[in-house]
1. Could you list which residues have their amide H under 5 Å from that of Ala330, counting only those 5 or more apart in sequence or on another chain, with H placed in the peptide plane?
2. Hey, which lysines would be in cross-link range of Lys181, C-alpha to C-alpha under 18 Å, not counting anything within fewer than 8 residues on its own chain?
3. Taking a cut-off of 19 Å between Cα atoms, list the lysines near Lys157, but don't count ones fewer than 8 places away on the same chain.
4. Could you pull out the chymotrypsin sites (Phe, Trp or Tyr not before Pro) across the range 235-330 that fall in loop regions by DSSP (anything but H, G, I, E, B) with no more than 14 other Cβ atoms inside 10 Å?
5. What order, most packed first, do the peptides 142-152, 187-197 have when packing is the mean number of other Cβ atoms within 10 Å of each residue?
6. For the range 109-180 and the range 277-307, what is the separation of their Cα centres, given in Å?
7. Which shape class applies to the range 239-358: rounded if a/c is under 1.5, otherwise prolate when a/b exceeds b/c and oblate if not, where a ≥ b ≥ c are the square roots of the Cα gyration tensor eigenvalues?
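Coordinate-derived values only; no laboratory data. Please read all numbers here as calculations on a predicted model, not as lab measurements. So basically every Cβ, Gly included, is an ideal-geometry build from the backbone, and we count neighbours across all protein chains shown.
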Amino acid sequence: SSSAAAAVRSASASSFYILRTCPIQLRNEWNQGRFGPGASLSLFQLSSGTNAVISATAASTVCDEWIHEPIYLVNRVNMYNLWHAHEDITHLFEALAVLNLDVNRDVKLLFLEQPSRLPGYADAIWQTVFNGGKDLEYMWTFIESYKERGVKRLCIKRSVWAAAAVSNILQRGTQVESKCKNSAVLRAMSDYILQGFDLLNMKNNINDINNINNNNNRVMNITFISRKPFPNHERVGRGLENEDSVIERLQRMKDVFVLKVDFATMDLREQIEIVRNTDLLIGVHGAGLMHILYLKPSAGVIELIHQTRSNAYHYKNLAAWCKLLYEGVAMNQNSVIENNVIRAADRIITQIRRKGRT
């Protein structure tokens with residue numbers, strides 16, 4: 001919406017760097033970290049291994065070849081944590097909104113890290129939503145393609161630098177409760193990503209009973225995130241030892257359908273589709289709760305708070321920014337009092353039914 005776009009522009013004016021016809025010396029300004037430590041380090045290492053030089057320079061600069069289309073340069077710090085992956089995605093969304101760029105027409109994405117043998121957990125978003133379904137392209141292979149054609153000095157007319165992930169709006173105030181209770185920026189980004197996956201206006205399909213139109217009578221979908229190790233990982237921290245007992249108690253509640261999910265075994269689109277059908281999302285504090293971003297506006301969240309995360313407000317704030325119902329339930333070591341979870345679930349479901357949230 002226009003209001004969301006205005007909010008994005010207002011909130012993002014200083015979130016990235018734009019280089020236009022500005023002389024850059026790769027080994028001094030970039031290496032001094034003026035454009036973020038991750039980006040400068042990657043480009044410095046890149047330049048030392050190839051004869052091609054990437055630069056945003058004045059028109060008088062002598063170059064073998066110029067690239068005139070905008071290039072968005074991103075150095076992803078943590079591709080294997082869904083929360084941190086969304087920090088980089090948020091920067092990209094803000095940049096596109098502020099610069100009024102279309103990823104399918106106006107701008108090219110280049111990743112500064114070396115290609116990984118394992119895909120990042122959010123690669124499906126980068127590829128499907130922001131790269132037209134094409135394979136991701138990395139600076140290393142991009143440079144080599146020009147080098148093979150004899151290009152020794154390659155110049156980029158206009159480049160957009162992603163800010164360091166830790167400067168992202170998601171990271172601000174994670175140690176304190178946010179006063180912001182509604183973020184047009186995140187709502188707009190969520191809708192944009194859901195639209196890219198063709199999931200924005202989907203209908204419930206977890207169970208057929210949910211086709212009942214009366215919100216006071218319909219079955220509520222509860223999705224419980226089972227915290228399991230990701231592929232190629234032997235263990236996971238902050239596990240819930242009495243998970244099965246909690247789920248069994250939830251299943252006894254009236255007019256609910258409980259779905260236990262192990263997101264580590266699913267592709268990202270499938271995960272988001274399940275979350276989009278969810279009325280109440282329950283999970284231990286961890287990156288899986290980043291899916292709060294994709295819940296429908298009527299939904300609620302129960303965060304099981306491990307004692308090591310008692311002062312971490314990542315997901316309470318995210319729920320507030322997405323204008324969702326939220327309850328936090330404290331854990332004791334690696335278990336939780338089942339009655340506390342049931343009471344929290346009952347309160348949220350009662351509010352959903354009472355307010356007729358759909």
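1. Close amide H contacts, sequence-distant or interchain: Ile305.
2. Lys181 reaches Lys296, Lys316, Lys323.
3. Within reach: Lys108, Lys147.
4. Working: sites: Phe257, Phe263, Tyr294, Tyr313, Tyr315, Trp321, Tyr326; in loops: Tyr313.
Sites meeting the loop and neighbour criteria: none at all.
5. Values: 142-152: 14.1, 187-197: 18.5.
For the peptides 142-152, 187-197, the packing ranking is 187-197, 142-152.
6. 27
7. Values: a/c = 1.23, a/b = 1.11, b/c = 1.11.
Judged from the Cα gyration tensor, the range 239-358 comes out rounded (a/c under 1.5).
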